[in-house]
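Structure first, then comments.
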Amino acid sequence: MTEIKRYDLEYSQLDSDRMRINVGPQHPSTHGVLRLEVEVDGEIVTEVVPHLGYLHRSFEKHCEKMTFPQIIPYIDRMDYISAMNNEWPYVMALEKMLDVKVPEKVEFIRVIVAELNRLANHQIAVATFGMDAGAFTPFLYYFRDRESIIWILERLSGARLLYNYFRVGGMAADIYPGFKEDCLEVVKKVRKTNEEIMDLLIHNNIFIKRTANVGVLTPEVAINFACSGPVLRGSGVKFDLRKDEPYSVYDRFDFDVPVGVGEVGVVGDCWNRNMVRMKEMEQSCRIIEQALEMMPEEGDVTGGVPRRIKPPKGEMYIRTENPKGELGFYLVTNGTDKPERLKARGPSFVNLSVIPEISKGYMFADLILILGSIDIVLGEVDR
Amino acid sequence: MGLLNRLDDPYEGGGIVLGKIEELLNWGRSKSDWYLHFGLACCAIEFMAMNASHFDFMRFGTIPRTSPRQADFIMVTGTVTFKMAERIKILYEQMAEPKYVISVGSCSNSGGPYWEHGYHVLKGVDRIIPVDVYIPGCPPRPEAFEEGMMKLQEKINKQAIFNKRKLLGTE
């Protein structure tokens, strides 16, 4: 076991000058428009202050003004890498409020498209994380494979990135003939590429030297900062809403919740967080395969969609497992066809808050890697 | 139309191409545009796909630059908020002439879905910097990026360098 490269300097003895550097808001490795104000001592980071609001698109204001079905496209644009997963909790909240029974086939379609989108999200996450460490090949490999996932989702919904596919009580359209074969093809492709990436990137010595023992997030800190998703599981905490609080039909599938075990480095470092994503891709493949088998052939997908959505007065909190963590919607209704308030609990925003805590004492170049391993989307941070 | 097309029928068998120096310069400029990628929101993800193996944006001779001083054109991909508008203006002014702007996506063209109630969204990047090519879509498909890039190349090819008055039509 190598020692952790965390530098703890005694400033009173060293008498060195500290410098404040501005990273962003337009910087290729900040994964969006995040601005970091970094205080460095030589090359060692002593303080990080994230500044937000460069992509504040007034999400909650729009929710006050729009009717319930009109809000779905705006929810797509929150976490735009995994739009399918975003729509799900919102639609689920309305279904619970309206007491709408969702057909069996719809539930399976939802599981499949959500898991396909989870694959696409993790592919981008691992690819850009590799780019941060200086590896360009995984980016090209993963984006080649991602296209085939995007094509399936495009044939289903008509859009490549922002789908607007979920409806209250159903879906916008039924699956197309040949959907199952396409999905199985994608699963095969993802598995093959993942094997390659394991050799090329994950177990590459340079990559291990850069990422192992860097940005260590202990389980206590992770829980105190309310982290979720791969960031929390990378620290060895087994928490997955699909398993712990099963929604939809997730209780019927056989899958594991991968956690960081510290094969390389210590539990909770950048390498382990990234490894959790790699393992989760395999689990998503398993879920897709099982769901395709269990999905009923017959079923009305678009028929159950109510014409007018007017839930009774009340409030509701629904949370689901987004690829980035726990996504919750707090919905307050006032009896009209527009919500009183819709508050989103975005996993990216909560996970980002841990950055100042875990990047202190590492090299400046490591800060970029730590940011990449958290996997944030600024559309969801600023909303 | 282009300079290279004339190579197909050599001038009196001598392999000579007759043309204006402007055409040569424009040919060079339009085929090696370096860009400052201003990735802001969802469109930037589609632009990443555009840059990757399947669509390969670099076949247009474009190379991403991180510094505005080395860039020929700026690609504004995504929602421009008031807080960000200031930065775009600064970076645009830092670029060397001749410079071009491609506005990508509905948000950057006109405010898009945030047009009506987006109190923090700039209703179109052309309110602060002059835009040469607009690419519509929310987000645009990678094919639309290609079309937009070709439109910019067309524009550069037609441009007069030495006699600017001719271009403006004041002569």
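The values are calculated or read from the model by the stated rules, or taken from the named source; none is laboratory data. Model, not experiment: these values are computed from the prediction. All Cβ positions, even for glycine, are placed from backbone atoms using ideal geometry, and neighbour counts span all protein chains on display.
The residues of the stretch A:36-87 that are assigned to a loop (DSSP other than H, G, I, E, B), acidic (Asp, Glu) and away from every other protein chain (no Cβ under 13 Å) amount to a single one, A:43. When the criteria are applied in full, residue A:84 fails the requirement of being at negative phi, surrounded by fewer than 22 Cβ atoms within 10 Å (Cβ to Cβ) and in contact (Cβ under 8 Å) with a residue 12 or more places away in the chain. Going by what's in this entry, would residue A:153 be described as closer than 18 Å to residue A:189 by Cα, in contact (Cβ under 8 Å) with a residue 12 or more places away in the chain and within 14 Å of the chain's Cα centre (by Cα)? Here the answer is no, as residue A:153 does not meet what is asked. Out of all the residues in the stretch A:245-262, is one or more touching a helix residue (DSSP H, G or I) at 6+ places or on another chain (Cβ under 9 Å), surrounded by 24 or more Cβ atoms within 10 Å (Cβ to Cβ) and not basic (Lys, Arg)? Within the stretch A:245-262, one or more residues are touching a helix residue (DSSP H, G or I) at 6+ places or on another chain (Cβ under 9 Å), surrounded by 24 or more Cβ atoms within 10 Å (Cβ to Cβ) and not basic (Lys, Arg).
Yes/no per residue for (1) farther than 30 Å from residue A:101 by Cα; (2) touching a Lys or Arg at 6+ places or on another chain (Cβ under 6 Å); (3) modelled with pLDDT of 90 or more; (4) assigned to a loop (DSSP other than H, G, I, E, B):
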{"position": "A:175", "(1), (2), (3), (4)": "no, no, no, yes"}
{"position": "A:220", "(1), (2), (3), (4)": "yes, no, yes, no"}
{"position": "A:247", "(1), (2), (3), (4)": "no, no, no, yes"}
{"position": "A:262", "(1), (2), (3), (4)": "yes, no, no, yes"}
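Is it the case that residue A:102 is at pLDDT 90 or above and within 19 Å of residue A:246 (Cβ to Cβ)? Write out each step before concluding.
Working: at pLDDT 90 or above: no; within 19 Å of residue A:246 (Cβ to Cβ): yes.
It is false that residue A:102 is at pLDDT 90 or above and within 19 Å of residue A:246 (Cβ to Cβ).
Would you mention how many residues in the stretch A:320-348 are touching a strand residue (DSSP E or B) at 6+ places or on another chain (Cβ under 7 Å), assigned to a strand (DSSP E or B) and under 26 Å from residue A:374 (Cα atoms)? Qualifying residue count for the region: 10.
Taken together, the residues in the stretch A:329-346 that are crowded, with 17+ Cβ neighbours inside 10 Å, more than 13 Å from the chain's Cα centre (by Cα) and among the small types (Gly, Ala, Ser) amount to 1. The condition (being buried (at least 24 other Cβ atoms within 10 Å of the Cβ), modelled with pLDDT of 80 or more and either not in a strand (DSSP E or B) or not β-branched (Val, Ile, Thr) (or both)) is satisfied by just one residue among B:22, B:46: B:46. The number of residues in the stretch A:124-161 that are surrounded by fewer than 20 Cβ atoms within 10 Å (Cβ to Cβ), under 22 Å from residue A:374 (Cα atoms) and away from chain B (no Cβ under 11 Å) comes to 2.
Per the listing B:121, B:133, the residue uniquely in contact (Cβ under 8 Å) with a residue 24 or more places away in the chain, buried (at least 23 other Cβ atoms within 10 Å of the Cβ) and touching a Phe, Trp or Tyr at 6+ places or on another chain (Cβ under 9 Å) is B:121.
Among A:237, A:216, which is assigned to a loop (DSSP other than H, G, I, E, B), under 18 Å from residue A:129 (Cα atoms) and out of contact with any His (no Cβ under 6 Å at 6 or more places or on another chain)? Break it down stepwise before answering.
Details: A:237 fails: under 18 Å from residue A:129 (Cα atoms).
Of the residues listed, the single one that is assigned to a loop (DSSP other than H, G, I, E, B), under 18 Å from residue A:129 (Cα atoms) and out of contact with any His (no Cβ under 6 Å at 6 or more places or on another chain) is A:216.
Yes or no: residue A:109 assigned to a helix (DSSP H, G or I), among the β-branched types (Val, Ile, Thr), within 17 Å of the chain's Cα centre (by Cα) and surrounded by 19 or more Cβ atoms within 10 Å (Cβ to Cβ)? Spelling it out, it is not the case that residue A:109 is assigned to a helix (DSSP H, G or I), among the β-branched types (Val, Ile, Thr), within 17 Å of the chain's Cα centre (by Cα) and surrounded by 19 or more Cβ atoms within 10 Å (Cβ to Cβ).
Taking the stretch A:349-383 as the range and being buried (at least 24 other Cβ atoms within 10 Å of the Cβ), assigned to a loop (DSSP other than H, G, I, E, B) and of a type in the set (S, T, N, Q) as the test, only A:359 passes. The set of residues in the stretch B:28-53 being more than 15 Å from residue B:144 (Cα to Cα), at the interface with another protein chain (Cβ under 8 Å from one of its Cβ atoms) and without any contact (Cβ under 8 Å) to a residue 40 or more places away in the chain consists of B:39, B:52, B:53.
Test residue B:57 against the criterion of being within 13 Å of chain A (Cβ to nearest Cβ), at pLDDT below 85 and under 13 Å from the mean Cα position of the chain (by Cα), and give yes or no.
Details: within 13 Å of chain A (Cβ to nearest Cβ): yes; at pLDDT below 85: no; under 13 Å from the mean Cα position of the chain (by Cα): yes.
When the stated conditions are applied, residue B:57 does not pass them.
Residue-by-condition table, conditions (1) at pLDDT 90 or above; (2) assigned to a strand (DSSP E or B); (3) more than 14 Å from the chain's Cα centre (by Cα):
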| position | (1), (2), (3) |
| --- | --- |
| B:84 | no, no, yes |
| B:97 | no, no, no |
| B:103 | yes, yes, no |
| B:113 | no, no, yes |
| B:118 | no, no, yes |
| B:131 | yes, no, no |
| B:134 | yes, yes, no |
| B:137 | no, no, yes |
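Does the stretch B:71-92 hold any residues that are within 14 Å of chain A (Cβ to nearest Cβ) and more than 22 Å from residue A:59 (Cα to Cα), and which are they?
Selection gives B:71, B:74, B:75, B:87, B:88, B:89, B:90, B:91, B:92.
Taking the listed residues B:38, B:82, B:55, the one that is in contact with a Pro (Cβ under 6 Å, 6 or more places away or on another chain), aromatic (Phe, Trp, Tyr) and within 27 Å of residue A:73 (Cβ to Cβ) is B:55, with no other qualifying.
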